[in-house]
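Beneath this line is the structure, given in structure tokens, with notes to follow.
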Amino acid sequence: MSRTITLLPGDGIGPEVTAATVRVLEAAGADIEWESHVVGAEAVALGDDPLPQRVLDSIRANGVCLKGPVTTPVGKGFRSINVQLRQALELYANLRPVRTIPGLPGRFDDVDLIIVRENTEGLYSGIEHQVVPGVVESLKIITEKASTRVARFAFEHARQNGRKRITAVHKANIMKLSDGLFLDCFRRVAEDYPEIEADDRIIDNMCMQLVLRPEAYDVLLLENLYGDIVSDLAAGLVGGLGVVPGANVGDGVAVFEAVHGSAPDIAGRGIANPLALMRSAILMLRYLGERQIAERVAGALRQVVVHDRLYTRDLGGTASTNELTEAVVNVLRSGEVEMGRASIA
Ligand code: NAI
């Protein structure tokens, strides 16, 4: 394999976890030339746009991007780079596998969820205005086109990965038109996949169900805001934000990134957990058809995290970002990676 991939290290803990991930991919034998770009506040500080056009061009040309988190200013400043990227590149499906890491102390030992989040519209359309002082309006956009294509993505993913059931999550009892349309599209698409069970839950009930018995669910399909919130909730069921990977997928283009943000509270301290981005890189390798390298990386993570129980602080351990990374690199270099056992990714 020889490929050019766009790399956005991001800010906060982004540069730490992306450097760690790039190092592991190199050790696994992935022949990747990285096209690295600066975005967000750092680009603005250099006198550039927060999301320069050449970044979008690079991702479109390469078809694939590995991305660290980017800080979004609160209440003012530029619009979220993450939301802009997803909208500009039409990365309509956000895929977040949430799975228990064997051996990690936690409340549940058998969570295996796939969260599919609509990634381009809903309340993230960014259409807000002040009606009169003291009254603002924020528009939730739901379209048949976007709801149908993300539902189809979820069913196709379920079919290709042997998943048995998809639960659509909504609030169509209150938002009868918008969430109602999302649900109708889901039900229409479901008719084409008779082998996959299709049901639905109201979002508030779903949150309670997930906290009580997450093992009862398989694939969840949600519109944008619910997907954002429920993925963080689900991350909390399996060890937190430091471990959950993600992929933003469109037609012929995909951006791989962890669920977590830039974690300013721990940035620059060398203690960030790089697992979430490393697992996102495994999703990237599989997307690229590089299954062998993907399984080598997964095998090395399994050795270090599941067998050797080397954890960063967020998981109750003491390992630094570098210590964890070096341990994974050493396993890869030793050539003694166990393939095909209970998976970590
Ligand atoms: P966050 O995910 O950055 O942090 C939440 C908590 O989780 C913090 O206590 C943090 O230390 C911890 N955490 C997150 N990732 C970790 C890791 N890899 N290892 C160890 N601990 C980790 O969420 P927060 O604080 O709400 O957002 C911070 C910034 O990140 C905001 O500007 C937000 O807009 C941005 N953000 C960017 C995202 C992206 O680039 N895709 C996604 C989510 C948030």
Quiz item: What helices (runs of 4 or more DSSP H) completely inside the stretch 269-345 contain at least 2 residues that are acidic (Asp, Glu)?
Solution: 321-334
Quiz prompt | Of the criteria (1) within 30 Å of Arg309 (Cα to Cα); (2) within 17 Å of the chain's Cα centre (by Cα); (3) assigned by TED's automatic domain parsing to the domain that holds Val219; (4) assigned to a loop (DSSP other than H, G, I, E, B), which one Val116 fails | solution = (4)
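Looking at Arg296, Arg286, can you tell me which residue is under 26 Å from Val64 (Cβ atoms), in the same structural domain as Gly29 (by TED's automatic domain parsing) and either modelled with pLDDT under 95 or under 20 Å from the mean Cα position of the chain (by Cα) (or both)?
That would be Arg286, the only listed residue that is under 26 Å from Val64 (Cβ atoms), in the same structural domain as Gly29 (by TED's automatic domain parsing) and either modelled with pLDDT under 95 or under 20 Å from the mean Cα position of the chain (by Cα) (or both).
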Practice problem: Could you tell me which residue of the stretch 186-206 is nearest to Leu221 (Cα to Cα), considering only residues that are touching a residue at least 24 places away in the same chain (Cβ under 8 Å) and part of a helix (DSSP H, G or I)? | Solution: Phe186
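Tally up the residues in the stretch 272-306 that are within 16 Å of the ligand (Cβ to nearest atom) and without any contact (Cβ under 8 Å) to a residue 40 or more places away in the chain, please.
Going through the stretch 272-306, the residues within 16 Å of the ligand (Cβ to nearest atom) turn out to be 272-284, 301, 304-305.
Those still in the list that are without any contact (Cβ under 8 Å) to a residue 40 or more places away in the chain too: 304.
Here the count works out to 1.
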Practice problem: Residue by residue through the stretch 224-239, note down the ones that are open to solvent by 20 Å² or more (accessible area, probe 1.4 Å) and either under 13 Å from the mean Cα position of the chain (by Cα) or under 13 Å from Cys65 (Cβ atoms) (or both). | Solution: Asp228, Ile229, Asp232
Quiz prompt | Hits in the stretch 128-140 - residues which are surrounded by 11 or more Cβ atoms within 10 Å (Cβ to Cβ) and out of contact with any strand residue (DSSP E or B) (no Cβ under 7 Å at 6 or more places or on another chain) | solution = Leu139
Practice problem: Could you tell me which of the residues Ala263, Ala272, Ala267, Ala281 is in contact with a Phe, Trp or Tyr (Cβ under 7 Å, 6 or more places away or on another chain) and assigned by TED's automatic domain parsing to the domain that holds Asn322? | Solution: Ala281
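Would the stretch 234-247 turn up any residue that is in a loop (DSSP other than H, G, I, E, B) and farther than 17 Å from Thr100 by Cα?
Step one: of the stretch 234-247, the residues in a loop (DSSP other than H, G, I, E, B) are 238-246.
Now restrict to residues that are farther than 17 Å from Thr100 by Cα: none.
No, the stretch 234-247 contains no residue that is in a loop (DSSP other than H, G, I, E, B) and farther than 17 Å from Thr100 by Cα.
The values are calculated or read from the model by the stated rules, or taken from the named source; none is laboratory data. These figures come from a predicted structure and were not determined experimentally. Backbone-built Cβ (ideal geometry, glycine too); neighbour counts: all protein chains shown. These area figures cover heavy atoms from the full protein model, side chains too; ligands, DNA and RNA do not enter into them. Shrake-Rupley method; radii C 1.70, N 1.55, O 1.52, S 1.80 Å.
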